[in-house]
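The values are calculated or read from the model by the stated rules, or taken from the named source; none is laboratory data. Every value quoted in this text rests on a predicted model; they were computed, and no experiment measured them. We place every Cβ from the backbone using ideal geometry, glycine too, and count neighbours over all the protein chains shown. The area values use the complete protein model at the heavy-atom level, side chains included, leaving out ligands, DNA and RNA. Shrake-Rupley method; radii C 1.70, N 1.55, O 1.52, S 1.80 Å.
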Amino acid sequence: RWVLSSRALRFSPELLNTAGPTRYGIHWGANGIRRSDFPIREVIAELQDDVISEMFSPINLGRVADQQLKVRKPGDTMALADLFAWTNAAVYDDLGHAAIAPAHRELQRRFTDLQMQIVQVSAGFADQLSLPRETQSLARYNLTRLARRLAGATAAARDEGTRAHLADLRVRVEGVLHAQNIRVI
């Protein structure tokens, strides 16, 4: 949550203006410097993507699903529904605000893409990945909830970049939710 929220990873302009270009991964003889300043969005995106990839890896999703079988009371452990709810709450916590920061818009796009990919994966491939089937229904459920919220959020947005982002998300989410090619194989 602290890495995915709109309130996370905020840095002062003074700090960001003093940060130098990253040379991580560059070695002698390699020409890998892409820009002369610090790639703020890239670094934040990579950190957030690492967190989401770990949380939503098929192995960890399977582990979370199995935990419910190992406790007497359902609330004694995290469920897949909790993981989806908490992550969606953090990623989309600024829907309805006048503006959404560009870096957070990018996170919202990437997480929306992940949920859409989960919904669209074929049953056979989901089984090959050992992806709990509940994962697909939870992703669809959360995308449905997101689609309902996006209409109001777009109307509340005062920043053109935010409005464009929200309108794009809405079109893409509704396209996946209303797709006619639901795969069962």
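A few points about this structure:
- Test set (1) open to solvent by 60 Å² or more (accessible area, probe 1.4 Å); (2) basic (Lys, Arg); (3) touching a Ser or Thr at 6+ places or on another chain (Cβ under 8 Å) - ARG149 fails condition number: (3)
- For the stretch 35-61, a tally of residues being polar (S, T, N, Q) and surrounded by 14 or more Cβ atoms within 10 Å (Cβ to Cβ) returns 1.
- Among (1) of a type outside the set (Asp, Glu); (2) open to solvent by 50 Å² or more (accessible area, probe 1.4 Å); (3) within 30 Å of ALA157 (Cβ to Cβ); (4) touching a residue at least 24 places away in the same chain (Cβ under 8 Å), the one test that LEU129 misses: (3)
- Some residue of the stretch 166-173 being open to solvent by less than 80 Å² (accessible area, probe 1.4 Å), out of contact with any Asp or Glu (no Cβ under 6 Å at 6 or more places or on another chain), free of Cβ contacts under 8 Å to residues at least 40 places away in the same chain and under 24 Å from ILE59 (Cα atoms): no
- Within the stretch 152-163, the set of residues being among the small types (Gly, Ala, Ser) and open to solvent by 60 Å² or more (accessible area, probe 1.4 Å) comprises ALA155 only.
- Cross-chain or 6+ apart pairs with Cβ under 9 Å, the stretch 53-72 first and more than 15 Å from LEU138 (Cα to Cα) and touching a residue at least 60 places away in the same chain (Cβ under 8 Å), then open to solvent by 40 Å² or more (accessible area, probe 1.4 Å) and of a type outside the set (A, V, I, L, M, F, W, C): ILE59/SER130
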